[in-house]
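Some notes on the structure that comes next.
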Amino acid sequence: MEAVFLGLNDAGEQIYSWLNQREDVEVKALLTEKGQLDLIKEIQPELVISAGFEHKVPEEIIEVPEKGIVNVHPSFLPYNRGSYPYIWPMLEGTPAGVSIHYMTEGIDEGPVIDQMEVPVRPDDTAKDLYERLKAESVLLFKESWPEIKEGVKGLSQDLSKGQVHYKDDLDEFTEIDLDEHLRAGDLIERLRALTFPPYENAFFEVNGERYFVEVEITSEAELDERP
C-alpha cells in the first residue's frame, strides 16, 4: 500500500520512522507545508497519515486517498479539538487522551478509529501531560494499524459533548492579574497548565516589566523515593 505522511510532530516522527520500517506500506512522501498538498493529487496514495500538520487540508485533497486521511490527535475526542489539547484538561477540567480519527473539513471532527483516555495526575504540568500523550499516541497508532490498513469505518463523534480551541484562545489565560481573587486550586491548575518549558507562558507585570512564572509539583511518594 502506498501512503503519504503529513506533518511531523514529536509523536509523528516516531510513527513515520515505524512505518518506514514496515513491508506492508510504502511512504512515498513526507509533506510539512501547505503548498505541498497538491503532491497528493500527483501521487494518488491509497492512504494519508497526519500527525502534527498545522494547516487546514481542503476537501479536494481529503477526497483523494481511497482510505482517507488518518489523523493522530492528542486529545480524547470530541473534547479539546484543535490547538493545545494537553493544556485544556487542566484549565477546563475536560478529559485528556489520544485519538486516531479520519480527517474531515471540520477541525478534528471526523469518525474515530480508536482512542484512549489518559488520566491527568495532580502533579502534572502541561509538559508532563504532553509527554505521556505523545507516548500513548504512538502506541495507539501501532495497535490500530491493522484497522487503519483495512480502512475501518470509524465511529461518529458526538460534537455536542466537546469543544474546539484555537491558538489565540490561550491568550486570555497567560497574564496573571495580581489583584484578581482566585481559589488556590484554580490558580494552581492555571499555572501547571501554562508550565511548558522552555516556553514562557504565564506572567505578571510590575512597573511595565513582565515576570514569568512556572510551577513544580512533587508528590510525597516521589520525595520518599529519593535517596
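Does L194 satisfy being surrounded by 11 or more Cβ atoms within 10 Å (Cβ to Cβ) and free of Cβ contacts under 8 Å to residues at least 60 places away in the same chain?
no
So, I43, is that one buried (at least 22 other Cβ atoms within 10 Å of the Cβ), at pLDDT 95 or above and over 25 Å from R121 (Cα atoms) or not?
No: the conditions fail for I43.
Among the residues in region 112-134, are any touching a Ser or Thr at 6+ places or on another chain (Cβ under 8 Å), closer than 22 Å to M90 by Cβ and among the small types (G, A, S)?
Yes, region 112-134 contains at least one residue that is touching a Ser or Thr at 6+ places or on another chain (Cβ under 8 Å), closer than 22 Å to M90 by Cβ and among the small types (G, A, S).
Filter region 209-227 down to the residues that are open to solvent by 70 Å² or more (accessible area, probe 1.4 Å) and either in contact with a strand residue (DSSP E or B) (Cβ under 7 Å, 6 or more places away or on another chain) or in a loop (DSSP other than H, G, I, E, B) (or both) and list them by number.
R210, Y211, F212, E214, E216, R226, P227
Taking P122 as meeting all but one of (1) of a type outside the set (K, R); (2) open to solvent by 20 Å² or more (accessible area, probe 1.4 Å); (3) within 16 Å of Q163 (Cα to Cα), write down the number of the exception.
Status for P122: all satisfied but (3).
Identify all residues within region 180-208 that are in a loop (DSSP other than H, G, I, E, B) and in contact with a strand residue (DSSP E or B) (Cβ under 7 Å, 6 or more places away or on another chain); write none if there are none.
Across region 180-208, the qualifying residues are L194, E200.
Would you check which residues across region 55-87 are within 28 Å of D171 (Cβ to Cβ) and either open to solvent by 40 Å² or more (accessible area, probe 1.4 Å) or over 11 Å from the mean Cα position of the chain (by Cα) (or both) and list them?
H55, K56, V57, P58, F76, P78, Y79, Y84
Okay, residues lined up against (1) open to solvent by 40 Å² or more (accessible area, probe 1.4 Å); (2) in a helix (DSSP H, G or I); (3) under 29 Å from V4 (Cα atoms); (4) out of contact with any strand residue (DSSP E or B) (no Cβ under 6 Å at 6 or more places or on another chain):
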position	(1), (2), (3), (4)
L133	no, yes, yes, no
S137	no, yes, yes, no
K142	yes, yes, yes, yes
W145	no, yes, yes, yes
K149	yes, yes, yes, yes
S160	yes, yes, no, yes
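Those residues that are hydrophobic (A, V, I, L, M, F, W, C) and within 18 Å of the chain's Cα centre (by Cα), I need them from region 153-195; list them, please.
Correct list: L159, V164, L170, A193, L194.
Would you mention how many residues in region 89-112 are open to solvent by less than 10 Å² (accessible area, probe 1.4 Å) and among the polar types (S, T, N, Q)?
1
Quick one: is E13 over 14 Å from the mean Cα position of the chain (by Cα) and among the charged types (D, E, K, R)?
Values: over 14 Å from the mean Cα position of the chain (by Cα): no; among the charged types (D, E, K, R): yes.
Considered against the rule, which asks whether it is over 14 Å from the mean Cα position of the chain (by Cα) and among the charged types (D, E, K, R), E13 comes out as no.
The values are calculated or read from the model by the stated rules, or taken from the named source; none is laboratory data. Just so it is clear, the structure is predicted and the values come from calculations on it, not from any experiment. Every residue, glycine among them, receives a Cβ derived from its backbone with ideal geometry; neighbour counts consider all protein chains shown. Side chains included, ligands, DNA and RNA excluded: accessible areas come from the protein's heavy atoms. Shrake-Rupley method; radii C 1.70, N 1.55, O 1.52, S 1.80 Å.
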